[in-house]
1. Those residues that are open to solvent by 60 Å² or more (accessible area, probe 1.4 Å) and of a type outside the set (Gly, Ala, Ser), I need them from the range 89-109; list them, please.
2. Say we look at the range 110-154 and pick out the residues that are in a helix (DSSP H, G or I) and without any contact (Cβ under 8 Å) to a residue 60 or more places away in the chain; which of these is surrounded by the fewest Cβ atoms within 10 Å (Cβ to Cβ)?
3. With respect to residue 63, is the statement that it is touching a helix residue (DSSP H, G or I) at 6+ places or on another chain (Cβ under 9 Å) and open to solvent by 30 Å² or more (accessible area, probe 1.4 Å) true?
4. Can you tell me which of (1) in contact (Cβ under 8 Å) with a residue 60 or more places away in the chain; (2) crowded, with 22+ Cβ neighbours inside 10 Å is the one residue 23 doesn't meet?
5. Tally the residues that are modelled with pLDDT of 85 or more and open to solvent by less than 20 Å² (accessible area, probe 1.4 Å), restricting the search to the range 40-60.
6. Is it the case that some residue within the range 70-79 is surrounded by 16 or more Cβ atoms within 10 Å (Cβ to Cβ) and either in a loop (DSSP other than H, G, I, E, B) or on the phi > 0 side of the Ramachandran plot (or both)?
7. Does residue 28 satisfy being more than 15 Å from residue 159 (Cβ to Cβ), aliphatic (A, V, I, L, M), in contact with a Leu (Cβ under 8 Å, 6 or more places away or on another chain) and without any contact (Cβ under 8 Å) to a residue 24 or more places away in the chain?
Amino acid sequence: MFINVIPEKCTGCRACEVFCPLEQEGVINPVLSRIQVWKDAPHDLFLPLVCPPCEDKACMAACPEPGAMVIDSRMGAVVIVEALCTGCSKCIGACDIGAIALVRPLSMSKGGRGKNGKAVAVKCNQCNGETWCVKVCEPGALEYIAETPELNGQMVFERLRAARIQAEAVLAERGAQPRRKVKVQ
């Protein structure tokens, strides 16, 4: 099972960004969301970015901290072990679709959640199958489905990568700087 993203159905309501941190963190704070929606309303550009189970797992390969990223055997999702995460951001740079974010401490006096009290990387962990982002997605841009020969996590990853490249082109046309380089293969 994995979260399938259908970008053309996204209306940019961002309900997913509200309910994700409520489920994961116990607070409503979109900054803490494991799903991010790129939103460029003047151009009707909305792109929900979530972590589908890709084949390469470049984030895991880039992580220098042993055990900080593991595969949940039940869900198949790559999970960040926050207590071991050093906040180095190498996983963020390795992800071609931008599905990983860095959460910094709210203040210097309060430590972070990562190793040594620093920042921590966060990403979708499929909520143990209780995917609130999917439950609240009225337009149906997100769905929690079983893998089939016709659709798997890698295919969703490739679709999101292509949509992100297209989104970057739209943003460039209107004079915006790219949000992050996307590797084109």
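1. Of all residues in the range 89-109, those open to solvent by 60 Å² or more (accessible area, probe 1.4 Å) come to 90, 104, 106, 108-109.
Scanning the range 89-109 gives 90, 104, 106, 108.
2. Going through the range 110-154, the residues in a helix (DSSP H, G or I) turn out to be 115-117, 126-129, 132-135, 153-154.
Within this subset, residues satisfying the condition of being without any contact (Cβ under 8 Å) to a residue 60 or more places away in the chain are 115-117, 128.
Details: 115: 18, 116: 9, 117: 12, 128: 11.
The qualifying residue surrounded by the fewest Cβ atoms within 10 Å (Cβ to Cβ) is 116.
3. Values: touching a helix residue (DSSP H, G or I) at 6+ places or on another chain (Cβ under 9 Å): yes; open to solvent by 30 Å² or more (accessible area, probe 1.4 Å): yes.
Spelling it out, residue 63 is indeed touching a helix residue (DSSP H, G or I) at 6+ places or on another chain (Cβ under 9 Å) and open to solvent by 30 Å² or more (accessible area, probe 1.4 Å).
4. Here residue 23 meets the rest and fails (2).
5. Keep residues of the range 40-60 that are modelled with pLDDT of 85 or more, which gives 46-60.
Retained after the next criterion (residues that are open to solvent by less than 20 Å² (accessible area, probe 1.4 Å)): 47-50, 52, 59.
Summing the residues that are modelled with pLDDT of 85 or more and open to solvent by less than 20 Å² (accessible area, probe 1.4 Å) in the range 40-60 gives 6.
6. For the range 70-79, residues surrounded by 16 or more Cβ atoms within 10 Å (Cβ to Cβ) and either in a loop (DSSP other than H, G, I, E, B) or on the phi > 0 side of the Ramachandran plot (or both): present.
7. Working: more than 15 Å from residue 159 (Cβ to Cβ): yes; aliphatic (A, V, I, L, M): yes; in contact with a Leu (Cβ under 8 Å, 6 or more places away or on another chain): yes; without any contact (Cβ under 8 Å) to a residue 24 or more places away in the chain: yes.
So residue 28 passes the test.
The values are calculated or read from the model by the stated rules, or taken from the named source; none is laboratory data. Nothing here was measured: the structure is a model prediction, and the numbers come from that model. Virtual Cβ from ideal backbone geometry, glycine too; neighbours counted across all protein chains shown. Note: accessible area is taken over every heavy atom of the protein model, side chains too, but ligands, DNA and RNA are not part of it. Shrake-Rupley method; radii C 1.70, N 1.55, O 1.52, S 1.80 Å.
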